[in-house]
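Beneath this line is the structure, given in structure tokens, with notes to follow.
The values are calculated or read from the model by the stated rules, or taken from the named source; none is laboratory data. What you are looking at is a predicted structure, and each value in this text was computed from that prediction instead of being measured. For neighbour counting, all protein chains shown are included, and Cβ atoms are generated from backbone atoms with ideal geometry for every residue, glycine included.
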Amino acid sequence: MTRASTVLVAQRAVAIIAQLFGAATLFAGGRVLLGADPGYVVLRLLLIYNTAMGLAYLAAGVLLWTNLRQGQRAAGTIFVLNLAVLVGIVTLYVGGGEVAIDSIRAMIVRTAVWLALFLAARWLARNLWAGAVPEVLKPPGSQRVSDIAHGKRGEGGRRYDSD
């Protein structure tokens, strides 16, 4: 397997993980919204947030599959949003609010998964732009970092180092 095909397989794996995580989140949140008892106190706003984020996870998975740069941004945004919610529910818990420790654990897992997906997408994007992937797999208008550094001409004959 060539390095380029390894990067592509890894990109697909990251996208599939994101989509599976999104589907599982929608399934779990949907069940509770429809009346299933999870066995602990449910913070309704957190439940709605997590279920809605399941859709965002699916969308990010599609982006990670089709457009790595946009997928990386989506994964980073999801990580930051989940981290903000995690900080909020931990603050509520420490202040004596009715937040189940299971909710905090689940939010820690969500935040960690999206941090890992963001970092994986970032690593893949760096390998993509560093020339690990053949030109045919890159989006139109993209340029290798080494080409830009050496002043090669881009679209329209304009030199990249003269901007």
Original post:
What pairs can you find where one residue is in the range 37-61 and more than 14 Å from residue 27 (Cα to Cα), the other is polar (S, T, N, Q) and part of a helix (DSSP H, G or I), and their Cβ atoms are less than 7 Å apart, with a gap of 6+ or different chains?
Top reply: 43/103; 46/103; 61/19
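Do we find that residue 149 is among the aliphatic types (A, V, I, L, M), over 30 Å from residue 44 (Cα atoms) and modelled with pLDDT under 85 in this structure?
On the way: among the aliphatic types (A, V, I, L, M): yes; over 30 Å from residue 44 (Cα atoms): yes; modelled with pLDDT under 85: yes.
So residue 149 passes the test.
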Subject >> Some residue of the range 45-54 being within 24 Å of residue 91 (Cα to Cα) and of a type in the set (Val, Ile, Thr) >> reply: yes
Original post:
Within the group 48, 78, 89, which residue is touching a Phe, Trp or Tyr at 6+ places or on another chain (Cβ under 6 Å), under 24 Å from residue 18 (Cα atoms) and β-branched (Val, Ile, Thr)?
Top reply: 78
